[in-house]
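> Below is the structure I would like to discuss, written out as structure tokens.
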Amino acid sequence: MTAALTAELPRDTSAGLLARHQLEDFGADVSTGQMDALKLTVTELVNNAVVHGMGAIRLSVELRAGVLHGEVSDAGAGIPPPRPGRRGSHRGGWGLQIVDETVDAWGTRPGRSVVWFELAVA
């Protein structure tokens, strides 16, 4: 089965919630646990785009051959985020660590402000 969504999100604190609502279309195709992982991942990436990015935020997710492929992008300069790692007692900074522990693969696109992820589904 192939299912897809593309959404433009506002650059404000409502973006994460709006993104999660968009993901409901995949509910019939993924388990509850996989939906939770998808929502957590997308929320973290969208919130990072709100805080660190520029311009419109775009979310795209596609289900192909049992794998959810997703991207969160904005008009930022594309500076690659640091690889995840615990940062002691610092407030915040856990988003990419959460993403790293939640999905099967993720990364950035060189020269663009895009973070992609993949999550296998049953």
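The values are calculated or read from the model by the stated rules, or taken from the named source; none is laboratory data. Every value quoted in this text rests on a predicted model; they were computed, and no experiment measured them. Cβ atoms come from the backbone with ideal geometry, glycine included; neighbour counts cover every protein chain shown.
> From Gly70, Gly16, which residue is modelled with pLDDT of 90 or more and part of a strand (DSSP E or B)?
Selected residue: Gly70, the only one of Gly70, Gly16 that is modelled with pLDDT of 90 or more and part of a strand (DSSP E or B).
> Could you list, in sequence order, the residues of the range 19-29 that are in contact with a Leu (Cβ under 7 Å, 6 or more places away or on another chain) and part of a loop (DSSP other than H, G, I, E, B)?
Asp29
> Among residues belonging to the range 1-43 that are in contact with a Ser or Thr (Cβ under 9 Å, 6 or more places away or on another chain) and hydroxyl-bearing (Ser, Thr, Tyr), point out the one that is surrounded by the most Cβ atoms within 10 Å (Cβ to Cβ).
Thr41
> All but one of (1) under 19 Å from Arg20 (Cα atoms); (2) modelled with pLDDT of 90 or more; (3) out of contact with any Ser or Thr (no Cβ under 8 Å at 6 or more places or on another chain) hold for Gly55; which doesn't?
(1)
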